[in-house]
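Engineer: Encoded as structure tokens, here's the structure I'll be asking about.
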Amino acid sequence: MEKKQNWLSQNWLLLITGFAVGAAALVLAALGNPGNMGFCIACFERDIAGALGLHRAEAVQYFRPEIVGIVLGALIAAFAAKEFKGRAGSSPVLRFILGAFVMIGALVFLGCPLRMVIRIGGGDVNALIGLVGFIVGICVGVAFLKKGFTLQRAYSQSKAEAAAFPVGLLLMFLLFMLGVAGLFFSSEKGPGSMRAPWYAAILAGLIVGALAQRSRFCMVGGVRNAVMFKDFGLIAAFGVVIVTVLLGNVVLGSFKGFSFEGQPVAHTDGLWNFLGMLIVGWGSALLGGCPLRQLVLAGEGNSDSAVTVLGMIAGAAFSHNFKLASSADGSTPNGHAAVWIGLCVLLVVSVLCTFIKKKEKKANA
């Protein structure tokens, strides 16, 4: 009993964050966001890429307020806790590339780790295959971390550097809301046209961003911590998201049972669901956090994470411009090729930043 109380006292904020994420996904879907996509970082960043004209897939263009809310919520929470500080200089180009391939893998699967668990809670069995790939990818990344993988340390930066990404994102959102002619695109049909009211979306983002900043909530961190440190707090929060979404769907009457077929914005290509999420897990483990965690860190003033987010947005643009992204009809040949290229890139980066750098250290010792 005492151990249970100690565990709860150490992890209560994580569990609340998991509940808040699940509740946000349910509420935003009920208010207009696509089904099983109430709160998906990869999907929202893809829509922002479209809104900026970086890709011309008319069905997925909208400057999602949720992303702005997450970053600002993390910034406010970090500032209140005196944790807002500028950091940068940890292999920014590699982080950009890894971020791009994480997004490519996510769009082959059709969702980030957060949407993966939301899809599981909605009854999508395809997402369970993605979950297996995600865990395998994280375990591969953890194996390299244990061998000494590093993207090198970050260095202190000015408050101006720390604030550049959050302020820039907010300014672009304000211009979008003001309807500045010719600057942005917005879908009139498809997933990009399905949206909760902006004030509900940004409020949900603020709450999740603040809670995630304080709790260090991270989908990748859950598996990594369990494997490396036998710490299961983040895994439990992971489970709370699934249970919250599942029970919420049952109460709302939107749960139709577990199945492969007929799930919203999903495909049944098992191999590519697995491999797409393997890339997401592996790349995120090397980056030190899932797509949601990267947004939170960017809100805290970490410019390396801001570069990762920009890499993900670029990856979304690349995916739609070159037909790498999957659709409800299935994955694409170009997407298959991109997955294999991504796996090769991850392997090369993992080896270079583990064994070669280790040899360099020995040579300089």
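Engineer: Does segment 57-80 include one or more residues that are over 18 Å from Ala306 (Cα atoms) and of a type in the set (Lys, Arg)? So that I can check it myself, show each step before the final result.
Structural biologist: Step one: filter segment 57-80 for residues over 18 Å from Ala306 (Cα atoms), giving 57-62, 80.
Of the ones still in play, those that are also of a type in the set (Lys, Arg) are none.
Scanning segment 57-80, I find no residue that is over 18 Å from Ala306 (Cα atoms) and of a type in the set (Lys, Arg), so the answer is no.
Engineer: Taking segment 58-78 only, how many residues are in a helix (DSSP H, G or I), over 17 Å from the mean Cα position of the chain (by Cα) and not small (Gly, Ala, Ser)? Write out each step before concluding.
Structural biologist: As a first pass, look at segment 58-78 and keep what is in a helix (DSSP H, G or I): 65-78.
Next cut, over 17 Å from the mean Cα position of the chain (by Cα) only: 75-78.
Next, only the ones that are not small (Gly, Ala, Ser) stay: 75-76.
Residues in segment 58-78 being in a helix (DSSP H, G or I), over 17 Å from the mean Cα position of the chain (by Cα) and not small (Gly, Ala, Ser): 2 in total.
Engineer: Further, regarding this structure: Just name the residue that is surrounded by the fewest Cβ atoms within 10 Å (Cβ to Cβ) out of those in segment 245-275 that are in a helix (DSSP H, G or I) and under 19 Å from the mean Cα position of the chain (by Cα).
Structural biologist: Phe274
Engineer: Could you pull out the residue among Phe134, Phe165 that is under 22 Å from the mean Cα position of the chain (by Cα), within 30 Å of Phe258 (Cα to Cα), at pLDDT 95 or above and in a helix (DSSP H, G or I)?
Structural biologist: Phe134
Engineer: Consider segment 218-245. How many of its residues are of a type in the set (S, T, N, Q) and in contact (Cβ under 8 Å) with a residue 40 or more places away in the chain?
Structural biologist: 1
Engineer: Only residues that are touching a residue at least 24 places away in the same chain (Cβ under 8 Å) and assigned to a loop (DSSP other than H, G, I, E, B): list them for segment 178-215, please.
Structural biologist: Phe184, Phe185, Ser186, Ser187, Glu188, Lys189, Gly190, Met194, Arg195, Ala196, Pro197
Engineer: Next up: Output the residue which, of all residues in segment 47-57 that are crowded, with 19+ Cβ neighbours inside 10 Å and farther than 17 Å from Ala196 by Cα, is nearest to the chain's Cα centre (by Cα).
Structural biologist: Looking only at segment 47-57, we keep the residues that are crowded, with 19+ Cβ neighbours inside 10 Å, and these are 47-51, 55, 57.
Cutting the leftovers down to farther than 17 Å from Ala196 by Cα gives us 49-50, 55, 57.
On the way: Ala49: 15, Gly50: 17, His55: 20, Ala57: 21 Å.
Top of the filtered list is Ala49.
Engineer: Any residue that is touching a residue at least 24 places away in the same chain (Cβ under 8 Å) and in a helix (DSSP H, G or I) - is there at least one of those in segment 1-8?
Structural biologist: Yes, the conditions are met somewhere in segment 1-8.
Engineer: May I pose another question? So, Ala154, is that one closer than 19 Å to Cys40 by Cα and out of contact with any His (no Cβ under 6 Å at 6 or more places or on another chain) or not? First the steps, then the outcome.
Structural biologist: Values: closer than 19 Å to Cys40 by Cα: no; out of contact with any His (no Cβ under 6 Å at 6 or more places or on another chain): yes.
Against the criterion (closer than 19 Å to Cys40 by Cα and out of contact with any His (no Cβ under 6 Å at 6 or more places or on another chain)), Ala154 does not qualify.
Engineer: Then there's this: Can Phe165 be described as out of contact with any Cys (no Cβ under 6 Å at 6 or more places or on another chain) and within 17 Å of Phe84 (Cα to Cα)?
Structural biologist: Values: out of contact with any Cys (no Cβ under 6 Å at 6 or more places or on another chain): yes; within 17 Å of Phe84 (Cα to Cα): yes.
Criteria met by Phe165.
Engineer: So which residues in segment 260-287 are free of Cβ contacts under 8 Å to residues at least 60 places away in the same chain and over 12 Å from Gly130 (Cβ atoms)?
Structural biologist: At the first step, the residues of segment 260-287 found to be free of Cβ contacts under 8 Å to residues at least 60 places away in the same chain are 261-262, 271.
Of everything in segment 260-287, those that are free of Cβ contacts under 8 Å to residues at least 60 places away in the same chain and over 12 Å from Gly130 (Cβ atoms) turn out to be Glu261, Gly262.
Engineer: Restricting to segment 63-93, give me the number of residues that are buried (at least 22 other Cβ atoms within 10 Å of the Cβ) and either under 30 Å from Cys353 (Cβ atoms) or at pLDDT below 95 (or both).
Structural biologist: Residues that pass the stated criteria total 6.
Engineer: Kindly indicate whether any position in segment 303-324 is charged (D, E, K, R), in contact with a Ser or Thr (Cβ under 7 Å, 6 or more places away or on another chain), under 19 Å from Arg115 (Cα atoms) and modelled with pLDDT of 95 or more. Write out each step before concluding.
Structural biologist: To start, the set of residues in segment 303-324 that are charged (D, E, K, R) comprises 304, 323.
Those still in the list that are in contact with a Ser or Thr (Cβ under 7 Å, 6 or more places away or on another chain) too: 304, 323.
Pick out the ones that are also under 19 Å from Arg115 (Cα atoms) and you get none.
Looking for residues that are charged (D, E, K, R), in contact with a Ser or Thr (Cβ under 7 Å, 6 or more places away or on another chain), under 19 Å from Arg115 (Cα atoms) and modelled with pLDDT of 95 or more, one finds none in segment 303-324, hence no.
Engineer: Assess whether Gly315 counts as being buried (at least 22 other Cβ atoms within 10 Å of the Cβ), in a helix (DSSP H, G or I), over 18 Å from the mean Cα position of the chain (by Cα) and in contact (Cβ under 8 Å) with a residue 60 or more places away in the chain. Spell out the reasoning first.
Structural biologist: On the way: buried (at least 22 other Cβ atoms within 10 Å of the Cβ): yes; in a helix (DSSP H, G or I): yes; over 18 Å from the mean Cα position of the chain (by Cα): no; in contact (Cβ under 8 Å) with a residue 60 or more places away in the chain: yes.
In short, no.
The values are calculated or read from the model by the stated rules, or taken from the named source; none is laboratory data. From a predicted model like this one, the values you see are computed outputs, not experimental measurements. For neighbour counting, all protein chains shown are included, and Cβ atoms are generated from backbone atoms with ideal geometry for every residue, glycine included.
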